[in-house]
Every structure is written in structure tokens, then in C-alpha cells.
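Structure, as C-alpha cells:
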Amino acid sequence: MTRSFRIAAATLLGLAIWQAVVTLGELPRFILPGPLSVFATLWTSRALIAEHAVVTAVEVLLGLGLGAGLGFASAIALAASPIARSLLRPMLVFSQAIPVFALAPILTLWLGYGLWSKVAMALLIIYFPVTSAFFDALMRTPPGWLELARVMNATPGRVLWRLRVPAAMPGFASGLRLAAVYAPIGAIIGEWVGASQGLGYLMLLANGRAKIDLMFAALIVLAVLTLALHAAIDAVCRRLWDG
Amino acid sequence: MNRPPALRLAGSATIGGGRIFGPLALEAPAGEWTCLLGPSGVGKSTVLRLLAGLRDEVLFAGEAVAGDGETLSGRVALMGQTDLLMPWLNVTANVTLGARLRGRKEQRDRALEVLERVGLSGHAAKWPTALSGGQRQRVALARTLMEDRPVVLLDEPFSALDARSRALMQDLAAELLAGRTVLHVTHDTAEAARLGHHVLLMREGGLTSVTPPPGPIPRRYDAPDTLDFQGRLLRMLMEPA
């Protein structure tokens with residue numbers, strides 16, 4: 001079986017189970033609509049959904065870019081400096097003990113109802129996985145390479161940039177792959193807490209008005225966007241760093 | 001390249017309270033090829049690492065110095081069992097790694113010349129993954145030559161190669177490293193019999209110097225006196241220390 005055939009088969013199976021649950025359970029439309037009515041809504045409300053999807057996509061991409069950049073820089077600072085390690089690492093771990101969800105209202109208070117509170121949520125939610133994955137990889141440079149560099153009388157800065165960083169790029173890549181899946185979660189939470197546009201806002205709105213088919217349509221678009229983002233980042237990472 | 005110094009190591013090494021070797025006294029004459037032959041686990045590689053200045057985990061009581069009294073740092077090149085090629089650099093960039101790590105200008109022309117000498121002139125732009133094990137080890141040899149250091153430390157660099165590639169690499173290394181002080185750690189009696197101007201047998205009990213047949217290196221692998229010497233080395237390894 002080819003890969004695309006398997007994906008198509010799994011998708012069809014999922015849809016069939018969904019329709020079966022609706023039909024056999026005799027569920028009313030406002031509890032769980034069937035896939036056909038969801039796709040019908042997806043089509044009729046495509047302009048509305050697209051408008052909100054663009055907003056969410058921008059939030060996610062900005063959060064992803066900024067969070068990845070910040071994570072990259074933090075991991076390098078941590079790897080380069082023992083002082084940075086002793087000061088920043090406990091803060092980093094402590095920051096992870098705070099559920100990002102709990103910060104969403106504060107971020108909305110600080111940054112307003114617009115784009116930036118959602119970008120900040122996406123950023124915060126991916127910052128730790130990116131930093132942590134890249135930092136771990138930076139600290140695990142194969143010892144043989146480091147010894148070779150020492151015998152070659154390499155300077156510490158060059159060992160970092162020419163050896164440790166390139167050797168750790170697969171670690172950064174796995175951080176980015178996680179980030180691609182987490183960043184939309186951050187943006188959606190931000191939209192739930194307070195927004196006037198975006199897929200999260202639309203889902204909340206549809207839910208409140210018992211338009212469950214619209215809610216599911218938005219959810220499907222969100223999932224497809226996340227999968228596409230993950231696939232794109234995976235393809236780039238594979239190309240650059242061989243997986 | 002400056003005048004190659006002799007190498008001298010005397011003392012004993014422990015790790016976490018356990019003895020690795022010693023006390024022993026080792027001397028590798030200037031400008032000649034010395035093989036340090038012995039079974040696994042007698043501390044051959046530790047000797048080499050101490051001379052290379054990589055002594056982090058080892059507690060060493062004694063001295064590991066150059067015979068001319070000057071520091072060894074900056075005068076040593078190291079070639080190990082694994083080629084340690086960087087997968088994100090092509091062959092030429094791997095060969096000029098040292099210059100880049102020191103912040104000096106890469107000498108691309110010289111790198112191409114060195115690659116030609118190791119028989120890889122057509123492979124300069126390839127990636128390490130596109131090379132065979134033997135070719136990768138040639139790149140590592142080119143990188144070692146590129147460093148142009150008077151002392152070259154070899155840690156079983158050919159042990160992972162097939163018999164033919166190994167013999168070819170031995171010939172190539174003997175030719176290209178001639179005139180430098182080479183200390184070559186190996187557990188292969190055939191290799192020591194071919195390459196050593198001097199052969200030091202390292203066993204639990206300490207070092208024994210064994211005189212190889214006269215003549216230039218590399219010795220022919222099928223010459224009677226080489227095979228004879230190889231047999232003698234193996235016999236000595238089999239004896240209780």
C-alpha cells in the first residue's frame with residue numbers, strides 16, 4: 001500500500017466510524033452532527049471560516065517564528081555560559097510549572113484583545129520545548145569531535161558555532177516539530193480567553209449559538225492547518241538536517 | 001613543519017582509584033614511527049590521550065612531554081579509529097576543519113593538493129555519506145596531514161577497515177607521515193610488524209621493546225622477515241606477562 005492510499009483509507013475509516021456513531025446513537029445535530037452536514041457547513045461557510053483561519057494562521061506563524069528564534073538564542077546562551085545555566089535553568093523549569101493556560105487572561109490584559117496576546121501565547125507554549133530540545137542536543141556533542149577540536153587548538157567560540165551548533169541542529173529540528181503542533185494550541189487558548197476573530201473565537205461563538213456543525217467545521221480546518229504546518233516544517237528539517 | 005620532537009611519557013595513570021597502567025616509561029624517538037602494540041584494556045589509548053593533552057577523566061602522576069622540552073600543545077595531530085567527519089561539511093571543508101576552528105584562512109588549494117595525495121582528487125566536493133569506509137578514513141588522513149603537525153598520534157586508525165583497504169592505508173600513511181614523530185596505537189601484530197621503526201609491546205606487566213627487522217617502512221606484508229616478526233609479536237602477546 002502506498003502512503004497516500006493508507007492515509008486516504010484511514011481518513012475514510014475515521015469518517016465512517018463518525019457517521020456510524022451519529023446514525024446508530026441517533027444523536028441530535030446539536031450534540032454531534034454527522035460528517036456530511038459538517039462538510040456541507042464547511043462549504044457554505046467557507047468565506048467566514050477562511051477569514052478567521054487566516055487570523056489564526058498569522059498568530060501561529062508569528063508565535064512559531066518568534067518562539068523558535070528565542071528558544072534558539074536561549075539554548076545557545078545556556079550552552080555557552082555556565083553562569084547563564086545556573087541562573088536561567090531554574091527559572092526555565094519554574095516557568096514550566098506555571099500552566100500556560102493560566103497566563104492567558106493576564107496576557108490578554110497586558111497585550112489587549114488583538115493579535116499580540118495570541119502570538120505571545122503561542123510563543124510561550126513552544127519556547128520551552130524548542131529551548132530544551134536544542135539545549136540538550138548542544139550539550140551532547142559527540143566527545144570525539146570535541147577532542148579533535150581541542151587537539152586542533154580550536155577557540156571555544158568557534159567550537160560552539162562551527163561544531164556544537166551544527167551538530168545539534170537535528171535536536172533543534174525535533175524541537176521545531178513539536179512546536180508546529182503546540183503553537184496552534186497556544187493561539188487557540190488565547191482566542192478563547194478574549195478575541196474578536198480567529199478560529200478559536202469562531203468555535204466559541206458557534207458553540208454558544210448551538211451551531212455545532214460550524215464548530216466542527218472550524219475544528220477540522222484547524223486540524224488540517226496544524227498538520228500542514230507540521231508537514232512543512234518536517235520537510236524543511238529533513239532537507240536541511242537529514243531528519 | 002618544525003623539527004619533530006621525541007615523545008616521552010613516564011608515570012602511572014588511574015581512573016576513579018582503579019589503575020589503568022604503570023608505572024611505565026615510554027620513549028618514541030624523533031621523526032620515527034613507533035608502534036604501541038598490546039591487547040585491549042592495557043591503557044594504550046590512555047597513553048595516547050595523555051600525550052594529546054586529553055587527560056580530563058584520568059588521574060596521571062608523571063610527565064607526558066616532548067623530548068625538546070617545549071610544550072606539545074599545537075604540535076600534535078590526532079587520528080582515531082572513527083573518521084570523525086562532520087556530516088554537514090563536504091570533503092574539502094572537512095579537510096580544512098582545523099583552520100576554520102582556529103579562525104585562520106582555509107587553504108583550499110593546499111587541501112585539494114592533500115586530497116590528491118591521498119587519492120581522492122575526484123571527491124573534493126562530495127559529502128561524507130557518499131564515501132566508503134576506506135575513503136572516509138583517507139579524508140581523515142588528509143585532515144591530519146592538513147594540520148601539518150610534527151607529531152602524529154594514531155589510535156587504531158585502520159582497525160575498522162577491510163584487509164585490502166587497511167594495507168593500502170598503511171602504505172599511504174607510512175609514505176605521507178614519513179619524517180614526523182608517529183606514535184601508533186594498535187592491537188594488530190601484522191600492522192605493527194609492517195609499520196614500526198620501533199615496536200613497544202604493552203602488557204599488564206609493563207612495556208617491552210621488540211626490535212623489528214631492519215629496512216625502511218612500510219615493510220612488505222608478505223616478506224618472510226615481516227611475517228616472522230609478526231609471529232614473534234603474537235607469541236609474546238600470548239605469553240603470560
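Nothing in this text is a laboratory measurement; each read-out follows from the coordinates by a stated rule. Since the model is a prediction, treat every value here as computed from it, not as a measurement. Methodologically, a virtual Cβ is constructed for each residue, glycine included, from the backbone with ideal geometry; neighbour enumeration extends over all protein chains shown.
Observations on the model:
- Whole-Å distance, taken between Cα centres, linking segment A:64-115 and segment B:106-185: 46
- The H on the amide N of B:L78, modeled in the peptide plane, is under 5 Å from the matching H of B:L153, each at least 5 residues off or on a different chain.
- Contact order normalised by residue count of chain B, Cα under 8 Å, 6+ apart, percent: 27
- Residue by residue, segment B:196-205 carries 3J(HN,Hα) couplings of x, 5, 9, 10, 10, 8, 10, 10, 3, x Hz when phi is fed to the Karplus relation 6.51 cos²θ - 1.76 cosθ + 1.60 (θ = phi - 60°); x denotes Gly or Pro.
- Neighbouring Cβ atoms from other chains, within 10 Å of the Cβ of residues in A:138-150, number 4 on average.
- Residue by residue along B:49-62, Cβ atoms of other protein chains within 10 Å of the local Cβ number 1 on average.
- With contacts taken as Cα pairs under 8 Å at a separation of at least 6 residues, segment B:129-233 carries a relative contact order of 23 percent.
- Of all the options B:H198, B:H123, B:H184, the one that moves most in a Gaussian network model of chain B with Cα springs shorter than 10 angstrom is B:H123.
- For A:S196 and A:S81, the FRET efficiency from 1/(1 + (r/R0)^6), where r spans their Cβ atoms and R0 equals 60 Å, is about 0.90.
- The residue among A:A97, A:I126, A:A173 whose Cα reaches farthest toward the positive pole of the charge dipole of segment A:81-178, with charges on the beta-carbon of Lys, Arg, Asp and Glu, is A:A173.
- Given R0 = 25 Å, the distance between the Cβ atoms of A:N207 and A:S95 translates into a calculated FRET efficiency of 0.20.
- Chain A, relative contact order in percent, only Cα pairs under 8 angstrom and at least six apart counted: 27
- Antiparallel content of DSSP bridges confined to the protein assembly as shown, in %, to 5: 55
- Amide proton proximity set for B:L72, modelled H, under 5 Å, gap of 5+: B:A66
- Percent antiparallel among DSSP beta bridges (both partners in chain B, rounded to 5): 55
- The angle between the Cα long axis of helix A:46-80 and the longest principal axis of the Cα atoms of chain A comes to about 20 degrees, rounded to the nearest 10.
- Number of partner chain Cβ atoms within 10 Å, mean per residue of B:163-176: 0
- Couplings 3J(HN,Hα) of segment B:162-179, computed from phi: 6, 4, 5, 4, 4, 4, 5, 5, 4, 4, 4, 5, 4, 5, 7, 9, 4, x Hz, in residue order, whole Hz [Karplus 6.51 cos²θ - 1.76 cosθ + 1.60, θ = phi - 60°; x for Gly and Pro].
- To the nearest ten degrees, helix B:108-117 and the longest principal axis of the Cα atoms of chain B are 60 degrees apart.
- Backbone N within segment B:127-146 under 11 Å of label point (7 Å from B:R104 Cα along the Cβ vector): B:146
- Distance histogram for chain B (every C-alpha pair counted, 10 angstrom bins, percent rounded to whole numbers): 8, 32, 36, 21, 5, 0
- For trypsin sites (Lys or Arg not before Pro), the sites in segment B:51-143 that DSSP calls loop and that have at most 15 other Cβ atoms within 10 Å are B:R55, B:R104, B:K105, B:K126.
- Summarising the amide proton neighbourhood of B:L26: residues at separation of 5 or more, or on other chains, whose placed amide H is nearer than 5 Å comprise B:L9, B:A10.
- Report summary: the helix-based calculation at 222 nm, which adds -39500 (n - 2.57) for every DSSP H run with n ≥ 4 and divides by the residues of the protein assembly as shown, gives -19000 deg cm²/dmol.
- Using alpha-carbon coordinates, inclination of helix B:224-238 to the longest axis of chain B, degrees: 60
- Shown in residue order for segment A:8-20 are the 3J(HN,Hα) couplings computed by the Karplus curve 6.51 cos²θ - 1.76 cosθ + 1.60 at θ = phi - 60°: 4, 5, 5, 4, 4, 4, x, 5, 5, 4, 4, 5, 4 Hz (x for Gly and Pro).
- Computed label-point distance, nm, for sites B:L168 and A:L12 using a 7 Å Cα→Cβ extension: 5.4
- Electrostatic bookkeeping for B:Y221 treats Lys and Arg as +1 and Asp and Glu as -1; over the other residues with beta carbon under 11 Å from its beta carbon, the sum is +2.
- By the Stokes-Einstein formula, at 1.567 mPa s and 4 °C, chain A with its Kirkwood radius over alpha-carbon pairs has D equal to 64 µm²/s.
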